Amino acid sequence: MTKDEYLSELRAGLAAFSKDEVDRAVSFYEEMVDDRVEAGVSEEEAVGSLEPPAEAAARIISEMPAVPRAAARLRSPETPRSWSVAFIVAVVIGSPVWIPLALGVIMAVIGCFIGLFGLLVAVWAIAASMLLGAPIGLLYLVAGVKTGSIAGALMGLGCGAAVAGVGVFGIHLAVVASKLLVRAIVWCARAVASPFVRTGVPRWERSSMHPAWNLVHLVAAIMVGVGLVSGLAGWGWAGFDSASVASELSRTTASANEFTNPLGLQLFYAGPEPDYSQS
């Protein structure tokens, strides 16, 4: 069999598909034959090494997306005309049922992704706000040293460092969640489009963590550890007495506000008001 005969039979087997699809498939097999001829094989041997045209056409049809494949079978001369008409009538008559169902499923999926996006924004906002614990802790350290409140300085620094360390872990969680959400959106979009176009549904593979995150985790753990040790040291400096702790933190907060008030910011200590009348 010559190359032209092979390609002609292949075109006949794919006659129900669009011209672009047929030309793409025929060009693929034509290039295969030409490559083998250039390698020194005769045209008849090159064609003979390929699968029969009918099998090639059947395999190509089986690899087509579901909707174009079904449409092509309806257009095929081998399909009775009555079947095509019956299918079209069934689609039209059933449209009041399947169209709302399809729209409902699509809207439900979109609603889920909107909810996940809102949750992701909340995670980013919480993690970013927790990072502010680092500069606030340093501010408390300076304010405590200024007022001579070592306990307030240590506790303020400890709380700020610990919160910032947890915030660093939160940032990594937000990054991972963002990647998962993007991958989920792409996966769903390609899954929805796969019956109509040749996209292929990607496999959901677990991605490995970048080695740089190990260093970030180490720094975050150190921050949390230093924060806990500093906070306990400040608590011990205040004699593990709640009244003394409240007094030291109130003094330190008032001193810290001297730095933040010119910026229009004010820090608050949400603890019991110390009783200065007894001092």
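For the chain, the longest principal axis of the alpha carbon atoms and the long axis of helix 133-147 meet at an angle near 10°. Per residue, the convex hull spanned by the Cα atoms of segment 50-168 amounts to 154 cubic angstrom.
Relative contact order for segment 34-173: 17 percent, from Cα pairs under 8 Å spaced at least 6 residues apart, divided by residue count. Report summary: the helix-based calculation at 222 nm, which adds -39500 (n - 2.57) for every DSSP H run with n ≥ 4 and divides by the residues of the chain, gives -26500 deg cm²/dmol.
Relative contact order of the chain, taken over Cα pairs closer than 8 Å and 6 or more residues apart, is 18 percent.
With all pairs of separate Cα atoms included, segment 1-120 yields a Kirkwood hydrodynamic radius of 17.8 Å. Accessible area per residue for the chain, computed on protein heavy atoms with a 1.4 Å probe, is 63 Å².
Val182 contributes about 90 Å² of solvent-accessible surface, heavy atoms of the protein only, 1.4 Å probe. Nearest 10 degrees is fine. How inclined is helix 66-75 to the longest principal axis of the chain, computing both from alpha carbons? Approximately 20 degrees, to the nearest 10. When Tyr29, Tyr140 are compared by accessible area of protein heavy atoms, the largest-first order is Tyr140, Tyr29, using a 1.4 Å probe. On a per residue basis, the convex hull of the C-alpha atoms belonging to the chain measures out at 234 Å³.
Surface composition of the chain: carbon plus sulfur atoms hold 70% of the accessible area, using a 1.4 angstrom probe and ignoring ligands, DNA and RNA. Taking only Cα atoms, what is the 0 to 90° angle, nearest 10, from helix 3-13's long axis to the longest principal axis of the chain? Once rounded, the angle reads 70 degrees.
Pairs of Cα atoms nearer than 8 Å and 6+ residues apart set the relative contact order; for segment 1-46 it is 45 percent.
The values are calculated or read from the model by the stated rules, or taken from the named source; none is laboratory data. Only a predicted model underlies this, so the values are computations on that prediction, with no experimental measurement involved. All accessible areas refer to the heavy atoms of the entire protein, side chains included, with ligands and DNA or RNA removed. Shrake-Rupley method; radii C 1.70, N 1.55, O 1.52, S 1.80 Å.
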